[in-house]
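J.: Sharing a structure here in structure tokens format.
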Amino acid sequence: MALVVLLRGVNVGGHRTLRPTVLAKELAHLDVVNVGAAGTFVVRSRISQSDLRAEIARRLPFEAEIMMCSGSAILRLESADPFAGHPTGREVVRFVSLMAKRVTPPPALPLDLPREGEWCLRLLACHGRFLLGLHRRQMKAIGYLGRLEKLFGVPLTTRSWSTILAVARILRP
């Protein structure tokens, strides 16, 4: 099964800039598909995670955390329809964070941030290494997303649910 690569902290606020399309072309021998501008890739050739990590690291102009999961994990997450029944719309963004490793036990969920008053970020569930949630389309949501690493005690990287769905479309035969 394919691997999904999510680079952490790439193309954020003008720092650690990278052209993902160029990286995907450099990795064409691995049948790599770029998804968006945040450093999300589907690698369709068979390769070990350690070899893939080394291939990518060699080509990056800076050090970056390279997070991976199996394509089958993404497809399982998509088929579970984890956001069914939760708010959607222009003001609410559905997101998925991939944690560097599984957290056991995870903090009690659901959890709203801030804990008092109207929520800006709402954590809904934890599925293995995936953390699922919603955030309002507000600048302060970025700060709350940044707090998730402290809350869970592991590095993580976040993508919108629409990006995860795009990855799933690429993965489906």
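J.: Below 23 Å, Cα to Cα, which lysines can Lys101 reach? Residues fewer than 8 away in the same chain don't count.
T.: Counting by Cα, and skipping residues close in sequence, Lys101 has these lysines nearby: Lys150.
J.: Taking the Cα-to-Cβ direction at Thr17 and at Ser79 and moving 7 Å from each Cα, how far apart do the two end points lie in nm?
T.: 4.2
J.: Within a 10 angstrom radius of the beta carbon, how do Met67, Met139 rank from fewest other beta carbons to most?
T.: With the fewest neighbours first, Met67, Met139 line up as Met139, Met67.
J.: Okay, moving on. Placing unit charges on C-beta atoms (Lys and Arg positive, Asp and Glu negative, everything else neutral), compute the dipole magnitude of segment 42-173 about its Cα centre in debye, rounded to 20.
T.: Values: 21 positive and 11 negative charges, 54 e Å.
Charge dipole, segment 42-173, about its Cα centre: 260 debye, nearest 20.
J.: Output the Cα-based Rg and Dmax of the chain in Å, rounding Rg to one decimal and Dmax to a whole number.
T.: Here Rg and the maximum Cα pair distance are 16.0, 51 Å.
J.: Using only the alpha-carbon atoms of segment 84-171 as identical scatterers, what base-10 log of I(q)/I(0) does the Debye formula give at q = 0.24 Å⁻¹?
T.: Values returned for q = 0.24 Å⁻¹ are -1.35.
J.: Separate question: Sort Ser72, Ser160, Ser97 so the one with the fewest other Cβ atoms within 10 Å of its own Cβ comes first. Working shown, then result.
T.: Values: Ser72 12, Ser160 15, Ser97 21.
So the ranking, lowest neighbour count to highest, is Ser72, Ser160, Ser97.
J.: Simple spin-label model, 7 Å along Cα-to-Cβ: Arg46 to Asp112 in nm?
T.: Going by the 7 Å Cα→Cβ label model, 5.0 nm.
Quick note: the coordinates plus some simple rules give every number you see, no bench work behind them. Quick caveat: nothing in here was measured; it's all calculated off a predicted structure. Please note: Cβ atoms are built from the backbone with ideal geometry, for glycine as well, and neighbour counts cover all protein chains shown.
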